[in-house]
1. Does Ala81 fit the bill of being over 23 Å from Gln23 (Cβ atoms), crowded, with 21+ Cβ neighbours inside 10 Å and free of Cβ contacts under 8 Å to residues at least 24 places away in the same chain?
2. Where residues in region 150-166 are charged (D, E, K, R) and part of a helix (DSSP H, G or I), which of them is surrounded by the fewest Cβ atoms within 10 Å (Cβ to Cβ)?
3. Mind checking whether some residue in region 162-174 is in contact with a Cys (Cβ under 7 Å, 6 or more places away or on another chain) and closer than 26 Å to Leu246 by Cβ?
4. Among the residues of region 60-103, what is the count of those that are assigned to a helix (DSSP H, G or I), away from the ligand (no atom under 11 Å from the Cβ) and closer than 16 Å to Trp139 by Cβ?
5. Can you tell me which of (1) assigned to a loop (DSSP other than H, G, I, E, B); (2) touching a residue at least 40 places away in the same chain (Cβ under 8 Å) is the one Ala106 doesn't meet?
6. Mind checking which pairs have a first residue in region 38-58 that is within 13 Å of Arg92 (Cβ to Cβ) and a second that is modelled with pLDDT under 95 and of a type outside the set (A, V, I, L, M, F, W, C), Cβ under 8 Å, 6 or more apart or different chains?
7. Can you tell me which of (1) in contact with a Leu (Cβ under 6 Å, 6 or more places away or on another chain); (2) among the hydrophobic types (A, V, I, L, M, F, W, C); (3) over 29 Å from Val58 (Cα atoms); (4) within 11 Å of the ligand (Cβ to nearest atom) is the one Ala133 doesn't meet?
8. Applying the selection to region 167-212, what residues are buried (at least 17 other Cβ atoms within 10 Å of the Cβ), acidic (Asp, Glu) and part of a loop (DSSP other than H, G, I, E, B)?
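The values are calculated or read from the model by the stated rules, or taken from the named source; none is laboratory data. Predicted model, so just to flag it, every value in this text is computed and none were measured. No Cβ is skipped: glycine too gets one built from the backbone with ideal geometry, and neighbour counts run over all protein chains shown.
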Amino acid sequence: MSVAQFAVFGHPIAHSLSPQIHQDFARQFGIRLDYRGIDAAPDQFEVAVREFFANGGVGANVTLPHKAAACALADQRSEAATRAGVANVLTRLPDGRLGAHNTDGAGMVRDLTERHNMDLRGHDALLLGAGGAAQGVAWALLDAGVQTLTIVNRSPAAADALADAIGEPARAHTRYWEDLGEIGSYDLIIHATSAGVLHQPLSLPLSLVGARAFCYDLSYGEAAIGFLTWARAAGALHAYDGLGMLVETAADAFELWHGQRPDTAPVYQALRPQYG
Ligand code: NDP
């Protein structure tokens, strides 16, 4: 019997933990699967995806820089993918068409609330970044009860577009990156820029971090060191990276494809020591 085919598409892709995470989940159920990383440059992405599914692929994760393209090429989009405009999961539907979904928001909220025991309700949150990941998590933060969401991005147009798409000006609004030193403090700060993975320095004022603040970086490993060091220096009560989010978002994709909910705790605990 042939083994079901899964993949993660990105550029680059060698660093991706998704193959290992999905194989760890599969072992929990005795499922055999093939899950590989496929490196596709932006101009080859759509062709590579269509070839993968035409050759029997069942499901694919999608990471940088293809999430918007993944959402655009799909025939059907979940509500989470539609409102974010970006997708990190593609699934071959029973009729052969492609469905797009976004698990970033739900995965991050579950990591915050269940793994790190945070109650998101009533917080004034600052979202740094307005790229694909930020678009995925912004709605989920509001759904989870965050009172206000201030979106700040290096390029203001992307932050404005995200706030406009949310369309709740009393709750979600933007400020300029240049004004970060003057916008006061926040009790929840979500770092969703790619500065860390790009090895670019991020200069943030310490005044952003309120007393008892919870700071969260979507990146993990070396890419998260700069933000987490800044958060601790500024007096944050908690500072966490996005390793748990990665495992949670993978679990949502796994459940979508296999109809079974994996236990994320042992997979997260096995990865944790390698990522500080
Ligand atoms: P995108 O390329 O879509 O967006 C990048 C964002 O970072 C943009 O807002 C960009 O601003 C900003 N940015 C880049 N460099 C800088 C800089 N030097 N200073 C300030 N802002 C900068 O990336 P994603 O949104 O997909 O990913 C963002 C991060 O989130 C990555 O580190 C990624 O690894 C992580 N991530 C983690 C996940 C997890 O499961 N843990 C899931 C998804 C993402 P501008 O618009 O001005 O270019």
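1. Numbers: over 23 Å from Gln23 (Cβ atoms): yes; crowded, with 21+ Cβ neighbours inside 10 Å: yes; free of Cβ contacts under 8 Å to residues at least 24 places away in the same chain: yes.
Yes, satisfied.
2. Taking region 150-166 first, the residues charged (D, E, K, R) are 154, 160, 164.
Adding the requirement that they be part of a helix (DSSP H, G or I) leaves 160, 164.
On the way: Asp160: 15, Asp164: 11.
Among those that are charged (D, E, K, R) and part of a helix (DSSP H, G or I), it is Asp164.
3. no
4. Taking region 60-103 and keeping what is assigned to a helix (DSSP H, G or I), we get 67-73, 79-84.
Then drop every residue that is not away from the ligand (no atom under 11 Å from the Cβ), which leaves 69-73, 79-83.
Right, trim to closer than 16 Å to Trp139 by Cβ and you get 71, 79-83.
The total comes to 6.
5. (1)
6. Gly56/Ser2
7. Of the numbered conditions (1) in contact with a Leu (Cβ under 6 Å, 6 or more places away or on another chain); (2) among the hydrophobic types (A, V, I, L, M, F, W, C); (3) over 29 Å from Val58 (Cα atoms); (4) within 11 Å of the ligand (Cβ to nearest atom), the odd one out for Ala133 is (3).
8. none
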